[in-house]
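Contents: one structure, followed by commentary.
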Amino acid sequence: MNLTAYVESRDHVCCRCRLAALNPFLNAAGHSLEFFSAPWWWERLFGSGPPHRDACILQRYLPSALELHRIRRSCESIIFDLDDAVWLRDSYSDKGLHSSRRLRRFQRVISMSDRVVAGNRFLAQKAAEYTDAHRIHVVPTCLHADKYPLAEHTNDGPIELVWIGSSSTLQGLECIRPTLESIGLAIPRAKLKIVCDRFISLDLLPVVAKPWTESGEAPELAAADVGIAWMPDDDWSRGKCGLKILQYMAAGLPVIANPVGVHSEMVQHGVTGFLVDSVEDWIEAVRTLARDPGLRRTMGLAGRRRVEAEYDIARAGQQWLRMLDGMQMARMAA
């Protein structure tokens, strides 16, 4: 099949992890995938128009009725790929979560899509309100596990926590600032590495700022001791697909996270890390891992094995190929 993907940008993490990484598998099966990013959509759709394709992939984008009509005319099928609760505003919006405009556009694009690829079951359940369930495929965000070196966990000195993410999600760390300060007070030798394009500072927990680079993210994670994650308990968070958790586990790090959304599915409490809620639970989890490098190593290896078994990019590639084969068979039978 000849596929065109409309994405926010080719370098955006969602495009890199959910679509661009699939290219080797698609090409090997005889498919082709071409990317267009904003503002190229507009020129292609309202200028000369894109060449006619077998399928257009809309990644997270909620087009207007006119845009969707033009896209529909440019391809045989539409595939909508989402790894966020795009019918909502984010957790930190001053306007609140709910947006009637976003929801209307979401309803429209889901109902007009031939297939929906959802990053988790919560997203799939929402999509099922507006289309037939057989059109929906749950394909979690995946990664190349072998691109992540394994943490060694040989030191019994200061413990280095690590958080990785974008500047937009850095607000989550701000929300748990009192918890982080309490960890710094209770465990004086602890420190926090932040891998991002922006940073916060703390009074009681030393922060190590590491500017994010695509080539540097994996070794920076592997050089730390424990990965941490936190999300607000709301529907925007339940739409998240847990990429940072997967990155921590791929690097062989135990994970400490709050039990919201996919955190509860990905982190096996007591096996690959700890699910914690209260400040006291956070402190106890950090203290436990700080004094036991062997436990960190055991949990980290368990997490790595789980990524390799359930979240490796080859698994996502096979799911996409089965879906595309099904679409081709349905078209031939029509």
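Summary table below
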| item | result |
| --- | --- |
| Selection status of Leu321, more than 17 Å from the chain's Cα centre (by Cα), at pLDDT 95 or above, of a type in the set (A, V, I, L, M) and open to solvent by 10 Å² or more (accessible area, probe 1.4 Å) | yes |
| From Lys240, Lys193, residue being farther than 16 Å from Ala145 by Cα and open to solvent by less than 40 Å² (accessible area, probe 1.4 Å) | Lys193 |
| Residue match in region 265-274 (condition: open to solvent by 40 Å² or more (accessible area, probe 1.4 Å), part of a loop (DSSP other than H, G, I, E, B) and touching a residue at least 24 places away in the same chain (Cβ under 8 Å)) | yes |
| Region 296-318, subset more than 21 Å from the chain's Cα centre (by Cα) and open to solvent by less than 50 Å² (accessible area, probe 1.4 Å), residue farthest from Ser77 (Cα to Cα) | Arg296 |
| Considering residues of region 132-144 that are touching a residue at least 12 places away in the same chain (Cβ under 8 Å) and open to solvent by 20 Å² or more (accessible area, probe 1.4 Å) only, the residue farthest from Asp312 (Cα to Cα) | Arg135 |
| Selection within region 201-223 - within 20 Å of His12 (Cβ to Cβ), open to solvent by 70 Å² or more (accessible area, probe 1.4 Å) and of a type in the set (Gly, Ala, Ser) | Ser215 |
| One residue from Ile164, Ile187 being touching a residue at least 40 places away in the same chain (Cβ under 8 Å), surrounded by 13 or more Cβ atoms within 10 Å (Cβ to Cβ) and over 24 Å from the mean Cα position of the chain (by Cα) | Ile187 |
| Only listed residue being in contact with an Asp or Glu (Cβ under 7 Å, 6 or more places away or on another chain), farther than 30 Å from Gly303 by Cβ and among the aliphatic types (A, V, I, L, M), chosen from Leu68, Leu62, Leu97 | Leu97 |
| Complete set of residues in region 250-264 that are among the hydrophobic types (A, V, I, L, M, F, W, C) and crowded, with 24+ Cβ neighbours inside 10 Å | Ala250, Ala251, Leu253, Val255, Ile256, Ala257, Val262 |
| Hits in region 84-106 - residues which are in a helix (DSSP H, G or I) and not hydrophobic (A, V, I, L, M, F, W, C) | Ser100, Arg101, Arg102, Arg104, Arg105 |
| One residue from Lys126, Lys147 being crowded, with 17+ Cβ neighbours inside 10 Å and touching a residue at least 12 places away in the same chain (Cβ under 8 Å) | Lys126 |
| Breaking point among (1) crowded, with 22+ Cβ neighbours inside 10 Å; (2) in contact with a helix residue (DSSP H, G or I) (Cβ under 7 Å, 6 or more places away or on another chain), for Gly119 | (2) |
| Scan of region 288-329 for residues that are without any contact (Cβ under 8 Å) to a residue 12 or more places away in the chain and under 18 Å from Ala29 (Cα atoms), ordered by number | Arg322, Asp325, Gly326, Met329 |
| Whichever residue in region 107-117 is part of a helix (DSSP H, G or I) and within 11 Å of Leu58 (Cβ to Cβ) and, among such residues, is farthest from the chain's Cα centre (by Cα) | Met112 |
| Yes/no for Ala218 being within 30 Å of Leu123 (Cα to Cα) and among the small types (Gly, Ala, Ser) | yes |
| Single match in Ala209, Ala186 (criterion: in contact with a Lys or Arg (Cβ under 9 Å, 6 or more places away or on another chain) and closer than 21 Å to Val276 by Cα) | Ala186 |
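The values are calculated or read from the model by the stated rules, or taken from the named source; none is laboratory data. This one's a predicted model, so the numbers in the text were calculated from it and none came from an experiment. Cβ sites come from the backbone with ideal geometry, for glycine too, and all protein chains shown count toward neighbours. Note: areas computed on protein heavy atoms with side chains; ligands, DNA, RNA excluded. Shrake-Rupley method; radii C 1.70, N 1.55, O 1.52, S 1.80 Å.
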